[in-house]
Amino acid sequence: MKSAEVIYDAWVWRRSCGGARLVTARPLLTSQGLTSRIMAHFRHPATPLGDAEDFIIEMPGEKIEYRPLHEDTGLFHALATMERSPDGCVAFASRYGLLGGEITRAVRWNGQDALGEPLRLWYRQVNALWIALDLWMQLSEDNQEALRRRIEWKTEAVVMNGIEVIPGAIEGCDRGDITGPAWRYLRHMLDKELQHRMAVRAVIDGSSGRPTVHLEPSSLAGALWLQLALAVAEDKNYRACAFCGRWIEITPGLANVNRKYCSDACRMRAYRSRLKAKKG
Ligand SMILES: [Zn+2]
């Protein structure tokens, strides 16, 4: 009997049609000094405010739902490789929504309460995702030279990225081997990032009308780490759309291996711009 399933395709995230913007704002704090998105809804008049900093905030507007794990299976690529700048973060948040989870704060800006996320925590997420993606690329290409720059055998242990030694990272690895420790380091990163970003939920099954158990991301950040973890586990390949740059999944051996565009719309637009260039 099927008792639990992982929900990928149906998982929904929301973005505001008002987009996002960068503001300097003060987070609302709970009495314990912790920030909480609940504060946005149950605001105490004497809400203490934290120090002002740069936030990506969601602007008011109708919420648009989309299914990142179905519509954009290469979205983690877009976040990991995006321009590390306020403009880059605002563009991403406007198109896909806030990253969500533990980095979301209730903030006060212009006398209004809004949901926002510190810019510095966006940069941290982008960097972490980039390090993991880059390491996976180097492992996929068996780029020993690049891996050797990150991983070094010392007398007693393995040093990774100059400082970190992951417990158990060298167990079962031959002395001097760098591929084994690198895979273990990637596993450690994925595990650390996914642990607190996945939720187990009991939901009513549409066909049986009875409760069933689902595993799903609890935030967009969780969904992107899940995408990367699945891509690593299933050894997936990606390519950027030749027209709009959106990352698309390609499956070796299947018809889409030569796919250049993310959609028929992009294929047509590319065709029209080629025609235009010819005429021009
Ligand atoms: Zn495209």
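The values are calculated or read from the model by the stated rules, or taken from the named source; none is laboratory data. Being a predicted model, the structure only gives us computed values, none of them experimental. Quick reminder, even Gly has a Cβ in these numbers, built from the backbone with ideal geometry, and neighbours come from all protein chains shown.
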* Asked: Does Gly206 meet the test of being outside any helix (DSSP H, G or I) and within 16 Å of the ligand (Cβ to nearest atom)?
  -> no
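Identify, from the list Cys244, Cys266, the residue that is crowded, with 16+ Cβ neighbours inside 10 Å and more than 30 Å from Lys154 (Cβ to Cβ).
Details: Cys244 fails: crowded, with 16+ Cβ neighbours inside 10 Å.
Exactly one residue qualifies, and that residue is Cys266.
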* Asked: Do we find a residue being in contact with a Ser or Thr (Cβ under 7 Å, 6 or more places away or on another chain) and either under 30 Å from Asp54 (Cβ atoms) or in a helix (DSSP H, G or I) (or both) anywhere in the stretch 107-121?
  -> yes
* Close pairs from the stretch 237-248: first more than 15 Å from Leu133 (Cα to Cα) and of a type in the set (Lys, Arg), partner more than 7 Å from the ligand (Cβ to nearest atom) and part of a strand (DSSP E or B), Cβ under 9 Å, at least 6 apart -> Arg246/Ala240
* To do: Please list, ordered by first then second residue, the pairs with beta carbon atoms under 8 Å, 6 or more apart or interchain, first in the stretch 45-66 and closer than 19 Å to Arg21 by Cα and modelled with pLDDT under 85, second of a type in the set (A, V, I, L, M, F, W, C) and part of a loop (DSSP other than H, G, I, E, B).
  => none
* **Members of the stretch 211-270 found to be in a loop (DSSP other than H, G, I, E, B), within 16 Å of the ligand (Cβ to nearest atom) and not small (Gly, Ala, Ser), listed by number** => Cys241, Phe243, Cys244, Arg246, Arg259, Lys260, Tyr261, Cys262
* Can Ala199 be described as more than 16 Å from the ligand (Cβ to nearest atom) and either part of a loop (DSSP other than H, G, I, E, B) or surrounded by fewer than 16 Cβ atoms within 10 Å (Cβ to Cβ) (or both)? -> yes
